[in-house]
1. Kindly indicate whether residue 201 is in a helix (DSSP H, G or I), out of contact with any Asp or Glu (no Cβ under 8 Å at 6 or more places or on another chain) and more than 16 Å from residue 234 (Cα to Cα).
2. Go through the range 143-184 and count every residue that is farther than 21 Å from residue 282 by Cβ, away from ligand 1 (no atom under 16 Å from the Cβ) and assigned to a helix (DSSP H, G or I).
3. Here are the criteria: (1) within 16 Å of ligand 5 (Cβ to nearest atom); (2) surrounded by fewer than 24 Cβ atoms within 10 Å (Cβ to Cβ); (3) of a type outside the set (S, T, N, Q). Tell me which single one residue 161 does not satisfy.
4. On the given criteria, is residue 287 assigned to a helix (DSSP H, G or I) and crowded, with 17+ Cβ neighbours inside 10 Å?
5. Is it the case that residue 225 is away from ligand 3 (no atom under 15 Å from the Cβ) and at pLDDT 95 or above?
6. Scan 272, 204, 264 and give me the residue that is in contact with a helix residue (DSSP H, G or I) (Cβ under 8 Å, 6 or more places away or on another chain) and within 16 Å of ligand 1 (Cβ to nearest atom).
7. Evaluate the following for residue 153: is it surrounded by fewer than 24 Cβ atoms within 10 Å (Cβ to Cβ) and in contact with a Lys or Arg (Cβ under 6 Å, 6 or more places away or on another chain)?
Amino acid sequence: MLLSALVSTGLLASTAWAASLTQVPNYNNNATSKAQMWVYKPDNVVANPPLVVVIHSCQSTAQSYFQNSAIPWKSGSDGKGYITVWPSSPNSGTCWDVSSKQSLSHLGGGDSQAIANMILYAIAEYGADPARVYVTGGSSGAMMSNVLAATYPELISAVSLYSGVAAGCFVSASGGVDQWNNSCSGGQSQATPEKWKQVVLDMYPGYSGPRPKMQIWHGSVDSTLAPQNYNETIKQWTAVFNVTQTPTSSVANTPKQGYTTSNYGDFVQGIYAQGVGHSVPSNLTASEAWFGL
Ligand SMILES: *[C@@H]1O[C@H](CO)[C@@H](O)[C@H](O)[C@H]1NC(C)=O
Ligand SMILES: *[C@@H]1O[C@H](CO)[C@@H](O)[C@H](O)[C@H]1NC(C)=O
Ligand SMILES: *[C@@H]1O[C@H](CO)[C@@H](O)[C@H](O)[C@H]1NC(C)=O
Ligand SMILES: *[C@@H]1O[C@H](CO)[C@@H](O)[C@H](O)[C@H]1NC(C)=O
Ligand SMILES: *[C@@H]1O[C@H](CO)[C@@H](O)[C@H](O)[C@H]1NC(C)=O
């Protein structure tokens, strides 16, 4: 009687089977890093689904990022039927390790390798399309997005990152795991495009396959990660893609008032937000468009 009432009102179905964020305790992680894997598979997941890896900022976790109303990727997943994976940092303070040799090297054993293992698991276990794997993140998650693009380019098709620093900019001279780097955060770590390119190449020596296209967002009044980090990141990826640092096209007030979108060929796009501070709000429409979703 009660059961049939529940079924007829649809309550049972929605409470028992509605998709939710779920931890994957064993994702065949062979990294030293013990980062946690969480996954969200929407009710309407499509066949051979695209995968978006959403990487949280410091002081956050997979669960709190997922529940953060400013982070639009759950609704993107519901809207288009793709899977999202939400890594959770194992480090105190929950920043990502973007400073140690382990994390800044292909198969070095650090947090980047743990996240690479999550991608491989999602492909193997959920049938995620290996040709449509995308990475996004904010702040520390944006730094990790750059590091993943450098260390696991073979796994990723496109990246859209908000308010980060160039791959390798937060390096720790003493090799420490998860170290803050004042020179980089303050915008004093500056190098030529060729030097930044070499930093990327050195993270995966000998790699000559395809690389993810990069969309880089930054605010002009960011006081946590100085705006100069935007310029250094653009230098880095334009050099990796062998294109000039002069935009091939630049559009004012796009995607919104005060933002300028600059294209550097087809693989690098910068979006500079005038008057915006740290953590430029994620724009689901623009990031999905960059991913081709
Ligand atoms: C860990 O897993 C990756 C991906 O499957 C593999 O390429 C690598 O050889 C494994 N072992 C180590 C020690 O990294
Ligand atoms: C901070 O990073 C820069 C490169 O961006 C590096 O040269 C410097 O040694 C790092 N500082 C520390 C204290 O490790
Ligand atoms: C950094 O990039 C921004 C946005 O394109 C630009 O306005 C600024 O002049 C650049 N800064 C330097 C030092 O080149
Ligand atoms: C850039 O040029 C180098 C040397 O010609 C080449 O090995 C590399 O594959 C190119 N990179 C990209 C992303 O096309
Ligand atoms: C996001 O970008 C789209 C264009 O891709 C634009 O139409 C929209 O206004 C933007 N939304 C916000 C909140 O910036």
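The values are calculated or read from the model by the stated rules, or taken from the named source; none is laboratory data. All of these numbers come straight from a predicted model, not from anything done at the bench. Please note: Cβ atoms are built from the backbone with ideal geometry, for glycine as well, and neighbour counts cover all protein chains shown.
1. no
2. Residues meeting the conditions: 4.
3. Condition not satisfied by residue 161: (2).
4. Values: assigned to a helix (DSSP H, G or I): yes; crowded, with 17+ Cβ neighbours inside 10 Å: yes.
Here the answer is yes, as residue 287 does meet what is asked.
5. On the way: away from ligand 3 (no atom under 15 Å from the Cβ): no; at pLDDT 95 or above: yes.
In short, no.
6. 204
7. In short, yes.
Yes/no per residue for (1) of a type in the set (S, T, N, Q); (2) modelled with pLDDT of 95 or more; (3) more than 16 Å from ligand 2 (Cβ to nearest atom):
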site	(1), (2), (3)
138	no, yes, yes
148	no, yes, yes
182	yes, yes, no
188	yes, yes, no
191	no, yes, no
212	no, yes, yes
